[in-house]
Amino acid sequence: MRNLREVLEDADRKNIAIGHFNISELGMLNAIAEVARELMVPVIIGTSEGEREFIDTREAAALVKTLREEHDQEIFLNADHTHSLDKIKEAVEAGYDAVLFDGGKLPMEENLRQTKEVVEYVRSRSEEIVVEGELGYIGSGSTIRKEIPKGAAIKPEDLTTPEEAAKFAEETSIDLLAPAVGNIHGMFANAPEPALDIDRTRAVRMAAKVPLVLHGGSGNTDADFLLAIDAGVRIIHISTELRAAWREGMEKSLKEKPEEIAPYKLMGPALDEMKKVVYNRLKLFNKLH
Ligand code: G3H
Ligand code: ZN
């Protein structure tokens with residue numbers, strides 16, 4: 001079976017993106033894995049520091065490994081938004097396939113220094129593990145928002161520049177770069193998100209010379225996703241849309257079955273709602289018709 005590095009190279013050749021979905025419990029993981037198998041596409045599961053605290057770092061790695069082996073499935077695990085070398089080490093020791101060191105909020109020189117340290121550590125443990133770095137702050141938290149998160153880079157002058165992307169990627173030797181190109185974490189309840197800056201995305205990709213990861217995918221339009229893929233995005237993160245679908249499904253379920261107490265019977269509709277999101281996103285990102 002191919003490793004994540006090979007799957008990424010293939011995505012680049014095919015000009016498609018791999019879907020990355022965050023989980024915090026087993027039902028979500030199984031639902032995502034099932035849809036990816038149905039569509040026969042690779043998929044990345046993400047757990048942030050908070051999600052890892054809940055599901056447990058080693059348990060998440062064991063679950064993904066089990067799915068991979070049982071179904072011969074290209075399913076990978078990413079330590080999403082990790083803020084310290086210690087937490088990166090935990091994920092690497094547990095067997096994660098990829099790590100994101102998130103220094104997006106740090107001053108450039110500090111982000112450079114810490115990301116470099118992470119890359120050196122990860123390479124010393126394995127050549128297969130993919131390391132992602134982050135440039136620019138896009139808000140934190142996959143939540144339903146009323147306004148753009150405070151401090152998030154959204155104005156053209158605040159977005160990641162090709163110059164800083166080139167310096168950052170070259171000096172750190174990261175495999176993947178997560179830039180701020182008009183994307184934000186979270187989404188609005190009833191309005192689309194601001195459009196992505198596609199020209200900037202393309203310029204950053206060319207300057208960085210590594211594939212890009214688009215964070216904060218929830219709420220962006222299909223058209224923007226396709227343009228971003230054409231501009232060099234190879235992984236797209238979706239979390240808020242899944243969480244919102246889970247909640248909607250759970251509420252429906254609790255209302256329809258007021259007497260039911262078996263979690264697995266109550267969770268069915270929540271998982272079905274999430275599967276619809278995953279199905280549509282994976283179809284689009286992989287350009288399946
Ligand atoms: O790392 C997680 C993602 O970037 C998710 O962002 O909640 O806006 O989909 P989202
Ligand atoms: Zn993210």
Each label point is 7 Å from the Cα along the Cα-to-Cβ direction; what then is the distance between the points at D222 and K167, in nm? 4.1 nm
With a point put 7 Å past each Cα toward its Cβ, work out how far E25 is from E127 in nm, to one decimal. 4.2 nm
Which net charge results for the neighbourhood of E164, defined as the other residues with beta-carbon distances under 14 angstrom from its beta-carbon, given Lys and Arg at +1 and Asp and Glu at -1? -4
If each residue of separation counts as 0.36 nm, what is the full-extension length gain between K265 and H289 once their alpha-carbon separation is subtracted? 5.4 nm
Work out, step by step, the length gained on full extension between E59 and K146: first 0.36 nm times the residue separation, then minus their alpha carbon distance; give nm to one decimal. 27.9 nm
Using alpha-carbon pairs under 8 Å, 6+ residues apart, how would you state the relative contact order of the chain in percent? 20 percent
Would you calculate, for the chain, the mean residue ellipticity at 222 nm contributed by helices, counting each DSSP H stretch of 4 or more residues as -39,500 (n - 2.57) and dividing by all residues, to the nearest 500? -15500 deg cm²/dmol
In terms of the Cα gyration tensor, with a ≥ b ≥ c the square roots of its eigenvalues, is the stretch 154-220 rounded because a/c is under 1.5, prolate because a/b exceeds b/c, or oblate? prolate
Can you compute log10 of I(q)/I(0) for the chain with the Debye formula, treating each Cα as one identical point scatterer, at q = 0.10, 0.14 Å⁻¹? -0.49, -0.99
Once R2 and D86 are pulled to full extension, the length gained, defined as 0.36 nm per residue separation minus their Cα-Cα distance, is 27.4 nm
So which of K105/K146; K87/K116; K116/K283; K105/K167; K89/K167; K14/K275 end up more than 27 Å apart by C-alpha? K116/K283
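Each reported figure results from applying straightforward, stated rules to the coordinates on display, with no laboratory input. Since the structure is predicted, the reported quantities are computational estimates derived from the model, not experimental observations. Here Cβ is always computed from backbone atoms with ideal geometry, including for glycine, and neighbour counts include all displayed protein chains.
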